[in-house]
1. Give the residues of the range 202-217 that are within 10 Å of the ligand (Cβ to nearest atom) and more than 12 Å from the chain's Cα centre (by Cα), sorted by residue number.
2. Condition (residue is within 19 Å of the chain's Cα centre (by Cα), within 22 Å of residue 176 (Cβ to Cβ) and more than 12 Å from the ligand (Cβ to nearest atom)) applied to the range 32-45: is it met by at least one residue?
3. Please work out if residue 184 is surrounded by 15 or more Cβ atoms within 10 Å (Cβ to Cβ), at negative phi, in contact with a strand residue (DSSP E or B) (Cβ under 8 Å, 6 or more places away or on another chain) and at pLDDT 95 or above.
4. Here is a check on your reading of the model: is residue 241 touching a residue at least 40 places away in the same chain (Cβ under 8 Å) and more than 16 Å from the ligand (Cβ to nearest atom)?
5. Inside the range 218-237, can you point out the residues that are in a loop (DSSP other than H, G, I, E, B) and away from the ligand (no atom under 16 Å from the Cβ)?
6. Write out, first by first residue and then by second, each pair whose Cβ atoms fall under 7 Å of each other, whose residues are 6+ apart or on separate chains, and whose first residue, in the range 1-15, is farther than 25 Å from residue 244 by Cα and at pLDDT 95 or above while the second is more than 11 Å from the ligand (Cβ to nearest atom) and assigned to a helix (DSSP H, G or I).
7. In the list 74, 25, which residue meets the criterion of being in contact with a helix residue (DSSP H, G or I) (Cβ under 9 Å, 6 or more places away or on another chain), in a helix (DSSP H, G or I) and crowded, with 23+ Cβ neighbours inside 10 Å?
8. Could you list, in sequence order, the residues of the range 53-70 that are within 15 Å of the ligand (Cβ to nearest atom) and in a loop (DSSP other than H, G, I, E, B)?
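The values are calculated or read from the model by the stated rules, or taken from the named source; none is laboratory data. Bear in mind that the values here come from a model prediction, so they are computed numbers and not experimental data. With ideal geometry, Cβ positions are generated from the backbone for all residues, glycine too; neighbour counts draw on all protein chains shown.
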Ligand SMILES: [Zn+2]
């Protein structure tokens with residue numbers, strides 16, 4: 001059994017067959033899916049999706065792209081929604097300097113408020129970080145001691161050295177479809193060097209399909225490709241990757 005620790009099942013690309021996609025995930029050995037709620041107008045829909053599917057849990061937060069929309073009222077609403085039993089993490093939140101849809105200073109302030117919510121609720125963070133590790137690491141260094149359960153660096157894309165700093169602070173790393181791309185040397189090196197006990201599997205669907213589905217819509221049922229690649233890189237049995245990453249995710253999200 002596998003856990004897809006990061007999905008976007010509410011994406012319009014699943015509108016026509018969302019229930020079927022979830023059924024096909026379950027029959028492909030996915031036991032739980034963590035849906036990522038990225039903005040205020042999604043949270044209720046995400047919670048609704050979780051309530052109608054026993055196997056779906058969620059993270060709720062404000063994506064760095066949307067940081068400019070994060071008002072005090074939005075944070076008050078977020079804190080309330082995080083009281084839902086299906087909301088198992090705070091996020092996704094973080095820093096994205098690749099697109100810079102929101103000003104980096106605003107992104108940092110909004111990220112810090114998510115850290116405060118994680119401290120307050122005791123729930124782990126789901127962190128999005130793209131081209132921003134240089135600012136992310138010091139922010140985490142000065143705050144990770146306050147967190148009961150640090151959380152997950154979703155779709156890790158840094159260097160093996162950055163990975164070691166992050167796991168040293170207690171974070172887990174999310175590994176996604178790109179690990180299967182022949183050119184992903186850095187990521188393959190990270191997977192080789194970081195203990196399996198620090199990794200969880202993600203699809204980030206509908207984005208980032210594994211190599212054999214490139215150009216297509218990604219979905220939770222394809223998560224096995226990521227597990228197989230990790231088994232190959234680390235030279236361990238596929239069952240070991242499944243057991244350890246599933247137990248990592250269950251412990252992280254308390255499910
Ligand atoms: Zn995401």
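1. Listed by number, the residues that qualify are 207, 208.
2. Checked the range 32-45: at least one residue is within 19 Å of the chain's Cα centre (by Cα), within 22 Å of residue 176 (Cβ to Cβ) and more than 12 Å from the ligand (Cβ to nearest atom).
3. Judged against the criteria, residue 184 is not a match.
4. Here the answer is yes, as residue 241 does meet what is asked.
5. Correct list: 235, 236, 237.
6. Going by the 7 Å Cβ cut-off, the qualifying pairs are 10/42; 10/45; 10/46; 10/49; 14/21.
7. Checking each option against the conditions leaves just 25.
8. 61, 62, 63, listed by residue number.
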